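This report concerns only the one structure given below.
Read the figures in this text as sums done on the coordinates, not as results from a lab. Because the structure is a prediction, the values reported are computed rather than measured. As a convention, Cβ positions derive from the backbone with ideal geometry for all residues, glycine included, and neighbour counts pool all protein chains shown.
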Amino acid sequence: MKRTKIKDILKNEESGYQVNVKGWVRSFRNNQFIAINDGSCMGNIQAVISLETDPEIVKNITTGASLSIDGTVIPSLGKGQKVEIKVDSITILGLCNTEEFPLQLKNKPSLEYLREIAHLRFRTNTFGAVFRVRHTLAYAIHKFYNDRGFVYMHTPIVTASDAEGAGEMFCVTTLPINNPPRNEDGEINYKEDFFGRCTNLTVSGQLEAELGAMAFSEVYTFGPTFRAENSNTARHLAEFWMIEPEVAFNDIVDNMDLAEDFIKYVIAYALEHNREDIEFLATRLVDEEKQKPMNERSEMGLVEKLEFVLNNSFERITYTEAIEVLLNSTHYKKKKFQYDVKWGIDMQSEHERYLVEKHYKKPVIVTGYPKDIKAFYMRQNDDGKTVAAMDILVPGIGELVGGSQREERLDKLTQRMNEMHIPTDEMYWYLDTRKFGTVPHAGFGLGFERLVLFVTGMTNIRDVIPFPRTPKNAEF
Ligand code: 4AD
Ligand code: MG
């Protein structure tokens, strides 16, 4: 018989038909009641076996074992489920040694412990919910851009450019690291390397996306991104996924509108399609918050928070206004910020979180950053000091989006690149877009894992990507 997914049986709520179900045992009670999960949804189906079942089989029905059952869907007398399966026949597909099975041994394993067994953690309710939501968000992202006529562009993963100019890159080489070929000056001779030049893993697909936008008008990328920054925080990964739309003819205001619509759309989509998972994660969050002191607990539950974001406009302020808010805060006056506040600083996450969590209590879009703390490609404002940059800050996370209107004027762009020692000759292909039919354009990058954090209410970024890569950690 063809396998039926547990999700469909539970959704359907009908009874009196035959099914085959395959999955993993979550629990087995009274030698009779098996809770089976196949990952299609949060819920388990209860399968009831007869007390006459072969004891050789019964003994192997243990937590974690995989099995296939044939039976009849019947109305359930037990609490918590409308239907259950009366089992006719049962086959154990794979045994599970409960003396070794980590998920059996620990009662309520911590998230930290589950990170160490990331190869098994998908089988818990929490990670089942997180990764189903992650999937839905990825799908919603493609749907959002597809429905608006954007072209999905695959930008290279191996590249010779440092898009952000921050220099935090992983080198890609086939040269022997203990004895690389050297030129006369003693420097490594990359001419002998695989690509005949020094290459690295991409830190952003933006520059290539800009090339596409000059032909298709609207493009987006959605791919893996690598940063060798040594930030061991709950918000940074060395390998993360980024969505980068790039739109010809858009200015900074259009860019903000697009980002706000985009974020709201994907949140609404997840709330609609993964309600059960998000509600489960909301209860998980309530439990987690109970460990925190009263004044650090969030005022809203997860679902409330997401609905609040959907129903309210993001606050839009300038960087200069943001600095003023910080300087006027009692938090600043009581010297509670670890890092100094003055015009020109690159705001630290404590500053960003103060703005969104304490002051505005909603997502905030900050524009007009000092040019000295932003990348070379951002459009220079007339004041000579700031650029048309925008960051979107959200409660609990800090920076979710970074973007800008781009400098489309060739002279201004080359001048800025020279000031910042960015080699204009190597970047001839980027400058060509400004020579051949340049247009105003804008785009941004949204960190996918930070979005998943926001929607699931998880607090550590390592818990929203299947196999996190962080400093000193590339297990699995
Ligand atoms: O602000 P960033 O560095 O912007 C860019 O890379 C631009 N090229 C984007 C563009 O305009 N097309 O990164 C964008 C977003 C950040 O706001 C953050 O959400 C995420 O990427 N991000 C990270 N997420 C996880 N781990 C890291 N190490 C991250 N670094 C950035
Ligand atoms: Mg940024």
Discussion item. Taking a virtual spin label 7 Å from the Cα of Glu321 along the C-beta vector, which residues in the stretch 354-376 bring their backbone nitrogen under 15 Å of it?
Written reply: 355-356, 359-369
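Rank these for me by crowding, Met153, Met300, going from fewest to most other beta carbons within 10 Å.
Details: Met153 20, Met300 13.
Fewest-to-most Cβ neighbours within 10 Å comes out as Met300, Met153.
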Worksheet item: From the phi of every residue in the stretch 63-75, what ³J(HN,Hα) in whole Hz does the Karplus formula 6.51 cos²θ - 1.76 cosθ + 1.60 yield, where θ is phi - 60° and glycine or proline is x?
Response: 3, x, 5, 9, 8, 10, 10, 10, x, 10, 7, 10, x
Worksheet entry | Under the Debye formula (equal points on every Cα, no solvent term), log10 I(q)/I(0) of the stretch 6-102 at q = 0.16, 0.18, 0.24 Å⁻¹ | -0.60, -0.76, -1.35
Discussion item. Once you order the gyration tensor axes a ≥ b ≥ c over the Cα atoms, which shape class does the stretch 311-373 get: rounded for a/c under 1.5, otherwise prolate or oblate by comparing a/b with b/c?
Written reply: oblate
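Could you calculate the FRET efficiency of Lys290 with Lys361 from 1/(1 + (r/R0)^6), where r is the beta carbon distance between them and R0 is 25 Å, rounded to 0.05?
0.70
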Practice prompt. Quick one: which residues, 5 or more positions from Ala163 or on another chain, have an amide H under 5 Å from its amide H? H modelled 1.01 Å from N in the peptide plane, none for Pro or chain starts.
Written response: Val203, Ser204
Practice prompt. Report, by chain and number, residues whose modeled amide H sits under 5 Å from the one on Glu84, excluding near sequence neighbours (fewer than 5 apart, same chain).
Written response: Ile74, Ser76
Discussion item. Could you tell me the calculated FRET efficiency between Phe194 and Ala228, based on Cβ-Cβ distance and R0 = 22 angstrom, to the nearest 0.05?
Written reply: 0.70
Practice prompt. Select from the stretch 271-349 those GluC sites (Glu not before Pro) which occupy a DSSP coil region and have at most 10 other Cβ atoms within 10 Å, ordered by residue number.
Written response: Glu299
Worksheet item: If amide H atoms are built 1.01 Å from N in the plane of the peptide, which residues on other chains or at least 5 residues away come under 5 Å of the amide H of Phe170?
Response: Leu201, Ala228
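How about the stretch 367-469: which chymotrypsin sites (Phe, Trp or Tyr not before Pro) there lie in a loop by DSSP and see at most 15 other Cβ atoms within 10 Å?
Sparse-neighbourhood loop chymotrypsin sites (Phe, Trp or Tyr not before Pro): Phe436.
Multiply the residue gap between Asn473 and Asp54 by 0.36 nm, knock off their C-alpha separation, and tell me the result in nm, one decimal place.
Using 0.36 nm per residue and subtracting the Cα-Cα distance, I get 146.2 nm.
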Response to the item:
By the Cα gyration tensor axes a ≥ b ≥ c (a/c under 1.5 gives rounded; else a/b larger than b/c gives prolate, otherwise oblate), the shape of the stretch 118-165 is oblate
Worksheet entry | Contour excess over end-to-end distance, with Cα ends at Phe170 and Asn125 and 0.36 nm allotted per residue | 12.7 nm
Fill in: Within-11-Å neighbourhood charge of Pro395 [Cβ basis; K, R +1; D, E -1]
+2
Worksheet item: Points 7 angstrom from Cα along the Cβ direction at Ala160 and Glu116: gap in nanometres?
Response: 4.6 nm
Practice prompt. Per DSSP H run of n ≥ 4, the term is -39500 (n - 2.57); total these for the chain, divide by its residue number, and report the mean residue ellipticity at 222 nm rounded to 500 deg cm²/dmol.
Written response: -9000 deg cm²/dmol
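Can you sort Lys305, Lys191 by how many other beta carbons sit within 10 Å, fewest first?
Result, fewest neighbours first: Lys191, Lys305.
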Fill in: Residue-wise HN-Hα coupling along the stretch 224-238, computed from phi with Karplus coefficients 6.51, -1.76, 1.60 (Hz; x: Gly, Pro)
x, 9, 10, 9, 8, 7, 8, 9, 8, 10, 7, 10, 10, 10, 7
Discussion item. When a/c reaches 1.5 or more, the comparison of a/b and b/c decides; with that in mind, is the stretch 234-334 rounded, prolate or oblate per its Cα gyration tensor?
Written reply: oblate
Response to the item:
Cβ density ranking, 10 Å radius, fewest first, applied to Thr136, Thr330 yields Thr330, Thr136
Worksheet, complete the sentence: Taking r as the C-beta separation of Leu77 and Asn107 and R0 as 45 Å, the FRET efficiency to the nearest 0.05 is 0.95
Response to the item:
Between Thr98 and Arg297, the two model label points (7 Å from Cα along the beta-carbon direction) sit apart by a distance in nm of 3.6 nm
Fill in: Where only alpha carbons of the chain are counted, the Rg and the Dmax (Å)
26.5, 85
Worksheet, complete the sentence: Contour minus Cα-Cα span, Asp382 to Arg148, at 0.36 nm per residue, comes to 81.0 nm
Worksheet entry | Table column - 3J(HN,Hα) (Hz), the stretch 462-472, Karplus curve with 6.51, -1.76, 1.60, x for Gly and Pro | 5, 9, 10, 10, x, 10, x, 10, 9, x, 6
